[in-house]
Amino acid sequence: MKTVSDFLAHVEASLGASPSAINPDRFVRFGRRKSCWAYLFSDMRGGAFGDWRTGVNGTWSAIDRWAMSALERANFEQQAQRAARERHAQQLRQWQINADQIARLQAQLVPVVSGDPVALYLANRGMPDSWRIRPALWVHPGLDYWQDGRCIGRWPAMVAAIQSLAGKVLALHRTYLTDTGHKAPVECPKKLTGACDHLLGAAIQLEPPRDGVLGVAEGIETAIAAASGSGIPTWSTYCANALASFQWPAQIQTLVIYADADDAGRVAAERLRRRASQAGVQALVMEPSVEGTDWADVIYEKRWAS
């Protein structure tokens, strides 16, 4: 029979992370953003797991399903249903906590103006002066930075809303900055708040699509660079995994995918291209010619070389 360590190994293979330890009949949250969860059934012969952020979930059994008796199958299903109900209740509670935190943070934001840390940051990244600051970007004048459970300082931040296609704000993307418009000297200057719903398919909608055409890129800076260089409205998905699962608006006929020139970027772009093509959307992948760069790097080099 399989063991609890087999359950943890299965969770690791499915989610890319697993808890260091687990007790039966108790939910465990884990992962860098604590969005992953695992639940070992009381008889320790089965379990459930998932990720609230992505909506991925599954079950595991210590006994091969085909070898279960009818009673064992019924017991397994009963425990799985119990875990699903508790998981859903916990998810709703956490989403409400996150929604309240998002609302409090949004109330502290101010518009971007010339000379503030966000405007200076975009200029330092090579964004052309003609690029108009989009309403999707905001400034937080002084945001606490937490690391390992303690606040280690406060910095200005560029804040952007990650939204569903329906326009619901699901989370906030924060880029911690210095007053002079450089990334703050912290371990991870880019962070997401906790989400208040599934993030699958969501994006930072920097500007509306135009004439059925939309661009999409990973980072905010890359999306701005692509839009300023091509004239195509471009959204940011904030990371490669989110690019692969991006959901475009229904009216889009052409999707331009501005891929990062690295393995993760190419894989994500190709996955999105295939999905869009299968749905009847014309999908084009644009990639910088220099390995390890993105379109923000291209714009930066062109601006300072001219």
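Here are the numbers:
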| quantity | calculated |
| --- | --- |
| Residue tally, condition touching a helix residue (DSSP H, G or I) at 6+ places or on another chain (Cβ under 6 Å) and under 20 Å from residue 94 (Cα atoms), over segment 13-57 | 8 |
| Residue satisfying all of: in segment 179-189; touching a Pro at 6+ places or on another chain (Cβ under 7 Å) and part of a loop (DSSP other than H, G, I, E, B); surrounded by the fewest Cβ atoms within 10 Å (Cβ to Cβ) among these | 179 |
| Among the candidates 261, 242, residue that is small (Gly, Ala, Ser), over 14 Å from residue 127 (Cβ atoms), in the same structural domain as residue 159 (by TED's automatic domain parsing) and more than 14 Å from the chain's Cα centre (by Cα) | 261 |
| All strands (runs of 3 or more DSSP E) inside segment 102-177 with 3 or more residues being farther than 24 Å from residue 196 by Cβ and in the same structural domain as residue 237 (by TED's automatic domain parsing) | 150-163 |
| Residue within segment 43-57 that is modelled with pLDDT under 90, over 18 Å from residue 25 (Cβ atoms) and surrounded by fewer than 11 Cβ atoms within 10 Å (Cβ to Cβ) present | no |
| All strands (runs of 3 or more DSSP E) inside segment 1-93 with 3 or more residues being closer than 18 Å to residue 194 by Cβ and touching a Pro at 6+ places or on another chain (Cβ under 9 Å) | 27-30 |
| Test result for residue 171, at pLDDT 95 or above, surrounded by 19 or more Cβ atoms within 10 Å (Cβ to Cβ), within 16 Å of residue 221 (Cβ to Cβ) and of a type in the set (Gly, Ala, Ser) | no |
| Selection from segment 175-231 of residues that are of a type in the set (Ser, Thr, Tyr) and over 20 Å from the mean Cα position of the chain (by Cα) | 178, 180, 228, 230 |
| Check on residue 256, β-branched (Val, Ile, Thr), in the same structural domain as residue 124 (by TED's automatic domain parsing), in contact with a Phe, Trp or Tyr (Cβ under 9 Å, 6 or more places away or on another chain) and crowded, with 16+ Cβ neighbours inside 10 Å | no |
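The values are calculated or read from the model by the stated rules, or taken from the named source; none is laboratory data. None of these values were measured; they are calculated from a predicted model. Because the Cβ atoms are built from the backbone with ideal geometry, glycine has one as well, and the counts that use them run over all protein chains shown.
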